[in-house]
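Report on the structure given below.
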Amino acid sequence: MYRAPVDEIAFTLKHVVGLEKGLADGRFGDLSADLVDAVLTEAGRFATEEIAPLAKIGDSQGARFKDGKVTMPDGWRDLYHRWKDGGWNALAGPVDFGGQGLPIMLAIATMEMWCSGSVAFGLGPTLTQGAVEALDKHGSEELKAIYLEKLVSGEWMGTMNLTEPQAGSDLAALKSRAVPAGDGTYRIFGQKIFITYGEHDFTDNIVHLVLARLPDAPAGTRGISLFLVPKFIPDADGRPGRRNDAFCHSIEHKLGIHASPTCTMIYGDGKADGMEPGAIGWLVGEENRGLACMFTMMNNARLQVGIEGVAIAETAYQKALAYASDRRQGRAPGYAGEGMSPIAGHPDVKRNLLTMKSLTQASRAIAYSCAHALDMAHSSDGADATFWQERANLLTPIAKAFSTDIGVEAASIGVQIHGGMGFIEETGAASLYRDARIAPIYEGTNGIQAIDLVTRKLPQSGGEHVLGYIGELKADAEALRKSNLPGLGRTADRLDAALADFEGATRWLQQAMADGRIAEALAGATPYLRLFGLASGGAYLARGAVAGRDVARVSLARFYAENLVSESAALRDRVENGAESLEAAAAALAG
Ligand SMILES: Cc1cc2nc3c(=O)[nH]c(=O)nc-3n(C[C@H](O)[C@H](O)[C@H](O)COP(=O)(O)OP(=O)(O)OC[C@H]3O[C@@H](n4cnc5c(N)ncnc54)[C@H](O)[C@@H]3O)c2cc1C
């Protein structure tokens, strides 16, 4: 059973990504280290004692659909209400609307714990919090007054409606329509698929944020607007009133996250009693600028999806470690006990466990660093704010894609450590593997993240931002070398080599983009993202080792540097030299 690693989470926040300095500088008002610890401890208790025990029924029973209604698994509605009543949804929400205004770092750390308990549970609040951010930034004062307080508290939940059958990664193909009604509202028509928490019984109302096209809107992504479409239109007292023409048609049967309802939503089919066809919607932001508004929500959601990967990796590691300590097979070299030894003593199982553990720590540090950058951007002005926003922009695709790949890898290794029992549902290792598989797909596939990294993030500040970031990581490697901590082995050398590969591949991609060799650059995008994650993860582990000066952190940083980071040379080679063989083989096989 999952136990929230509260101490490790607190250490990473404070000493690896900079929360401690932020507190000392008074950046977060009167927030103190004691309050941070209290929040994390209580979140850890809730995730461990209340969410995790309901994960299994969530997986086996799943969300159920009948007559247009979705019933959540037994016990989940109460669970949601206990969670909401604990104020967890409002943690980082805007203070003007009942939020606690705490740092995003803390919200992300607690999200890790909710998702370690059950990703299917954490997913609903992910979208609500994204809706809060989009509405807070782009909504009219009138919309904010009606909806924000209820969304911030979690009394109502939010959804994000982009995907249509013909428009997945490419939103330019989106067809849903919005027609002005002449009274300041719009009528929305269209079908959206795969809408997470599009219908459920957690809350009295659901607030859908829907992308659609106005009549005569320009083609492509410049002609998309964002609309708020409530399931029930609030009455004069702000309570759920008339039913809107926005209905869930069905829910999907999926590989994993069974308790998260994935809905086909139909807008404007004329199914609401006493209403002309057309779901009533309100414009959010400006006409034809919907994608920019939605990106506010998507950047937040991308980081939160990244944390799902960290969360699953953590749970998978804990489960595998417990099993490996208990299960006995063979005799590990040097085992002095009676009979068979625990499998945890076999070098190959040790390697698997340490791979899981160190990749989890590395991806956690990356995701928290991204959250830290957002907090710094929000609490800075002028050039500082630009710097930190660029840092958050740079780290978002890594936090999303590297961490979710690690989630899948760790869950897979976890199944392997369980042997045959890993393939049997009873242990829960299999469900983690199934749940992990969606995260590299939704919120922009990991392939799309890699393209975003290379084409939009590397050019920031004329290419200098990423190079400055690599410089900071080099300083971490240098600090580790100078620390002379016992047991470091070749850690600093390996990190230096990896960071040199990272810098070399970065400069190569920047040049390729500048030369217009776009296909070459795109062919290397995914190996580059992996290289970025591996190398920066190694530097963060080194930073933790220097800060903690304890044997566990030092030896984990060393294991990672000597066993995993050395892939960097091969990854750099794939970035710089992979395109030719890729094009040649693809052409030969096609012809
Ligand atoms: C369980 C679940 C929940 C979801 N929740 C939501 C939600 O709440 N709201 C919502 O709007 N959507 C949601 N989605 C949709 C999800 O975001 C999309 O499935 C995802 O963006 C990919 O789109 P697609 O499925 O159409 O795949 P496609 O776009 O068809 O992609 C297929 C493959 O082609 C690759 N590819 C596509 N275009 C390119 C390109 N230009 N360059 C390189 N490779 C490319 C992709 O990386 C991918 O590997 C959800 C999906 C699932 C399965």
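Key figures
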{"quantity": "Hits in region 263-283 (condition: under 30 Å from SER431 (Cβ atoms) and hydrophobic (A, V, I, L, M, F, W, C))", "calculated": "CYS263, MET265"}
{"quantity": "Count of region 254-281 residues which are more than 12 Å from the ligand (Cβ to nearest atom) and closer than 24 Å to THR126 by Cβ", "calculated": "4"}
{"quantity": "Residues of region 221-262 satisfying the condition of being out of contact with any Cys (no Cβ under 9 Å at 6 or more places or on another chain), closer than 30 Å to SER431 by Cα and part of a loop (DSSP other than H, G, I, E, B)", "calculated": "HIS253, LYS254, LEU255, GLY256, ILE257, HIS258, ALA259, SER260"}
{"quantity": "ARG574 in contact with a Gly (Cβ under 8 Å, 6 or more places away or on another chain) and in contact (Cβ under 8 Å) with a residue 40 or more places away in the chain", "calculated": "yes"}
{"quantity": "Check on ALA172, touching a residue at least 12 places away in the same chain (Cβ under 8 Å) and surrounded by fewer than 19 Cβ atoms within 10 Å (Cβ to Cβ)", "calculated": "yes"}
{"quantity": "Complete set of residues in region 489-529 that are buried (at least 21 other Cβ atoms within 10 Å of the Cβ) and basic (Lys, Arg)", "calculated": "ARG494"}
{"quantity": "Residue within region 500-512 that is charged (D, E, K, R) and on the phi > 0 side of the Ramachandran plot present", "calculated": "no"}
{"quantity": "Residue tally, condition within 16 Å of the ligand (Cβ to nearest atom) and over 16 Å from GLY533 (Cβ atoms), over region 449-470", "calculated": "2"}
{"quantity": "Qualifying position, being at pLDDT 95 or above, in a helix (DSSP H, G or I) and buried (at least 21 other Cβ atoms within 10 Å of the Cβ), among ALA4, ALA38, ALA47", "calculated": "ALA47"}
{"quantity": "Condition check for GLY168: within 16 Å of the ligand (Cβ to nearest atom) and over 25 Å from the mean Cα position of the chain (by Cα)", "calculated": "no"}
{"quantity": "Test: residue in region 282-296 that is in a strand (DSSP E or B) and surrounded by 23 or more Cβ atoms within 10 Å (Cβ to Cβ)", "calculated": "yes"}
{"quantity": "Residue count for region 7-35, restricted to those that are assigned to a helix (DSSP H, G or I) and over 26 Å from TYR317 (Cβ atoms)", "calculated": "7"}
{"quantity": "Those residues of region 234-271 which are aliphatic (A, V, I, L, M) and either within 24 Å of ALA311 (Cα to Cα) or within 31 Å of the chain's Cα centre (by Cα) (or both), in sequence order", "calculated": "ALA246, ILE251, LEU255, ILE257, ALA259, MET265, ILE266"}
{"quantity": "Subset of region 207-225 (residues that are modelled with pLDDT of 95 or more, of a type in the set (Val, Ile, Thr) and more than 12 Å from the ligand (Cβ to nearest atom))", "calculated": "VAL207, ILE224"}
{"quantity": "Residue within region 360-370 that is within 21 Å of the chain's Cα centre (by Cα), assigned to a helix (DSSP H, G or I) and without any contact (Cβ under 8 Å) to a residue 60 or more places away in the chain present", "calculated": "yes"}
{"quantity": "Residue list for region 201-218, filter: of a type in the set (A, V, I, L, M, F, W, C), buried (at least 20 other Cβ atoms within 10 Å of the Cβ) and closer than 20 Å to ALA292 by Cβ", "calculated": "VAL207, LEU209, VAL210, LEU211, ALA212"}
{"quantity": "Only listed residue being more than 10 Å from the ligand (Cβ to nearest atom) and surrounded by 21 or more Cβ atoms within 10 Å (Cβ to Cβ), chosen from GLY198, GLY190", "calculated": "GLY190"}
{"quantity": "Single residue of VAL179, VAL152 found to be at pLDDT 95 or above, within 22 Å of GLU199 (Cβ to Cβ), in contact with a Pro (Cβ under 9 Å, 6 or more places away or on another chain) and more than 16 Å from the ligand (Cβ to nearest atom)", "calculated": "VAL152"}
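The values are calculated or read from the model by the stated rules, or taken from the named source; none is laboratory data. Fair warning: this is a prediction, and the values are worked out from it, not measured in the lab. Neighbour counts are summed over all protein chains in view; Cβ atoms, including those assigned to glycine, are modelled from backbone coordinates with ideal geometry.
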